[in-house]
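Shown next, in C-alpha cells, is the structure this report addresses.
The values are calculated or read from the model by the stated rules, or taken from the named source; none is laboratory data. This structure is a prediction, so every number in the text was calculated from the model and none was measured. When we count neighbours, we look across all protein chains shown, and the Cβ atoms used for this are built from the backbone with ideal geometry, even at glycine.
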Amino acid sequence: MKKVLLLSAFLFAFAALHPAPAAADQKPEMIVEKMAIKFTRGITNVVTSIVELPKQTILTGRDMGAVGYVVGPIKGVGMTLYRGVIGVTETIFCVVPQPGYYDPMIDPEFVWQGWEPSRDTSKAVDEAG
C-alpha cells in the first residue's frame, strides 16, 4: 500500500511540476489560478451531482408533461453519475490544461445553472410565415 501511495505522490508531483507547452505565454499566477478553478469546479460537481436527480425530474416534467415525471428520474440518475464522474476527472487532472486550456468538461458548468425554460420559437416562425 505504501508503494502505491508513494508512486501516486511521485506521479502527481511530476505532473504538477512538469511545464506545459501551452503555458509558455501565460504568467504562472494565471496558470495556477486556472488550475485552482478547475480543481474547485471538480470538487463542487462531485458534491452537488446528486442535485441532478430532482433537477432533471423537474425540467423533463416541465418540457414533456406527465411522461417527463417518469423519464426525468431516469435521466436524473444518468446525469448524476455523469456529473460525478466529470467532477472526479476534473479534480484528479486539475493540473492538465485540457480540454481547451482548463475549460469546463460539462455544460452547464455547475448543476445550479441551466434551469431556465427552453425557448419556444414556433410562434415566431408561424407568425412570420
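Pull up the stretch 35-56, narrow it to residues that are under 20 Å from residue 95 (Cα atoms) and among the hydroxyl-bearing types (Ser, Thr, Tyr), then point me to the one that is surrounded by the fewest Cβ atoms within 10 Å (Cβ to Cβ).
40
Check every one of the helices (runs of 4 or more DSSP H) wholly within the stretch 39-129 and list those with 3 or more residues that are modelled with pLDDT of 95 or more and under 30 Å from residue 26 (Cα atoms).
Hits in the stretch 39-129: 68-92.
Have a look at 87, 42, 72 and point out the one that is within 18 Å of residue 115 (Cβ to Cβ) and of a type outside the set (S, T, N, Q).
The unique qualifying residue is 72.
Any residue in the stretch 27-36 that is modelled with pLDDT under 95 and of a type in the set (Lys, Arg)?
Among the residues of the stretch 27-36, at least one is modelled with pLDDT under 95 and of a type in the set (Lys, Arg), which makes the answer yes.
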